[in-house]
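The values are calculated or read from the model by the stated rules, or taken from the named source; none is laboratory data. Keep in mind the model is a prediction, meaning the values are calculated, not measured. Cβ atoms come from the backbone with ideal geometry, glycine included; neighbour counts cover every protein chain shown.
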Ligand code: SF4
Ligand code: SF4
């Protein structure tokens, strides 16, 4: 089962919810939970969960390299590439690694086998644990413009048997789509501010397009007016989690402390989530 925690914008408390949910479920269920930190431009789940790291590896992707001696400049590779990552000229073939999605199509289509695949470094993947909770994060190499290939690699580290929680990157663009792929349920985290509502609407469009069941969690829920809740009611979007706007929560967060470790009284806010999500997922499968 894969459950994604996403938000239309940064700073809504998505990582707070993802880390506390992972901590709470592994404590309650006594089963292995895997938290994938797919916010690879700035992974920060580890700051709150403080895992013991036990492995680290370079993540790479294959990109084409052209042997011009074998190339006939037929243009089949550039015709095929949907991303403009390879361009056939009259007497040269140019590769733009920063645009390449490593699909391997150009290598397959080349009639003279002039293309070989070489490794390009994407970043680093680290694996660590805290009790029954495994934490896997990707850290995008500085200067690397595309995060989806690294997000894919991070997700490959988990197995089907695991209960997987994905901390998605913020926003609604390609990295989020990549992180959401394969999810059985999405919890959209927002806050009751005009920006929070605006970005929630965009995120709702994305998960509806992807046809993934979802619900909303509101962080700092005692702030603002009722516009967010009114929107959810109009759109029939369930609100399954609320975390109040409290000074002590903000202080714990700023000090890198896990909310539920410091204030176990908030466990009641997270307690109903598991049975709700399970029910929704099984009703979608039937
Ligand atoms: S498909 Fe192969 S032979 Fe044709 S232009 Fe590309 S690299 Fe050269
Ligand atoms: S591997 Fe795919 S994305 Fe990259 S250049 Fe070849 S066809 Fe384009």
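Picking from 125, 66, which residue would you name as being surrounded by 16 or more Cβ atoms within 10 Å (Cβ to Cβ), within 30 Å of residue 256 (Cβ to Cβ) and touching a residue at least 40 places away in the same chain (Cβ under 8 Å)?
Only one candidate qualifies: 125.
Quick check on region 118-130: of everything there that is in contact with a helix residue (DSSP H, G or I) (Cβ under 6 Å, 6 or more places away or on another chain) and over 18 Å from residue 167 (Cβ atoms), which residue is nearest to ligand 1 (Cβ to nearest atom)?
Only one residue fits best here, namely 120.
Please tell me if residue 21 is closer than 30 Å to residue 136 by Cβ, in a helix (DSSP H, G or I) and away from ligand 1 (no atom under 16 Å from the Cβ).
yes
Which condition breaks for residue 168 when tested against (1) under 29 Å from residue 214 (Cβ atoms); (2) modelled with pLDDT of 95 or more; (3) not assigned by TED's automatic domain parsing to the domain that holds residue 7?
(3)
Would you confirm, using the coordinates I've provided, whether residue 111 is within 11 Å of ligand 1 (Cβ to nearest atom), modelled with pLDDT of 95 or more and part of a loop (DSSP other than H, G, I, E, B)?
The answer is yes for residue 111.
Check region 93-102 and report whether any residue there is within 16 Å of ligand 1 (Cβ to nearest atom) and part of a loop (DSSP other than H, G, I, E, B).
For region 93-102, residues within 16 Å of ligand 1 (Cβ to nearest atom) and part of a loop (DSSP other than H, G, I, E, B): present.
Table: residues versus (1) surrounded by 14 or more Cβ atoms within 10 Å (Cβ to Cβ); (2) modelled with pLDDT under 95; (3) over 24 Å from residue 145 (Cα atoms); (4) in the same structural domain as residue 178 (by TED's automatic domain parsing).
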{"residue": "14", "(1), (2), (3), (4)": "yes, yes, no, yes"}
{"residue": "18", "(1), (2), (3), (4)": "yes, no, yes, yes"}
{"residue": "27", "(1), (2), (3), (4)": "yes, yes, yes, yes"}
{"residue": "31", "(1), (2), (3), (4)": "no, yes, yes, yes"}
{"residue": "38", "(1), (2), (3), (4)": "yes, no, no, yes"}
{"residue": "41", "(1), (2), (3), (4)": "yes, yes, no, yes"}
{"residue": "54", "(1), (2), (3), (4)": "no, yes, yes, yes"}
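Residue 89 fails exactly one of the following numbered conditions: (1) on the phi < 0 side of the Ramachandran plot; (2) within 13 Å of ligand 2 (Cβ to nearest atom); (3) loosely packed, with under 12 Cβ neighbours inside 10 Å. What is the number of that condition?
Result: residue 89 fails condition (2) only.
If you go through region 191-209, how many residues are modelled with pLDDT of 95 or more and touching a helix residue (DSSP H, G or I) at 6+ places or on another chain (Cβ under 6 Å)?
So the answer is 0.
Taking the condition assigned by TED's automatic domain parsing to the domain that holds residue 245 and under 26 Å from residue 249 (Cα atoms), does residue 191 pass?
For residue 191, the condition - assigned by TED's automatic domain parsing to the domain that holds residue 245 and under 26 Å from residue 249 (Cα atoms) - is met.
Residue by residue, here is whether (1) crowded, with 22+ Cβ neighbours inside 10 Å; (2) in contact (Cβ under 8 Å) with a residue 12 or more places away in the chain; (3) within 13 Å of residue 13 (Cβ to Cβ); (4) outside the structural domain of residue 134 (by TED's automatic domain parsing) holds:
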| site | (1), (2), (3), (4) |
| --- | --- |
| 183 | yes, yes, no, no |
| 221 | no, yes, yes, no |
| 240 | no, yes, no, no |
| 245 | no, yes, yes, no |
| 257 | no, yes, no, no |
| 277 | no, yes, no, no |
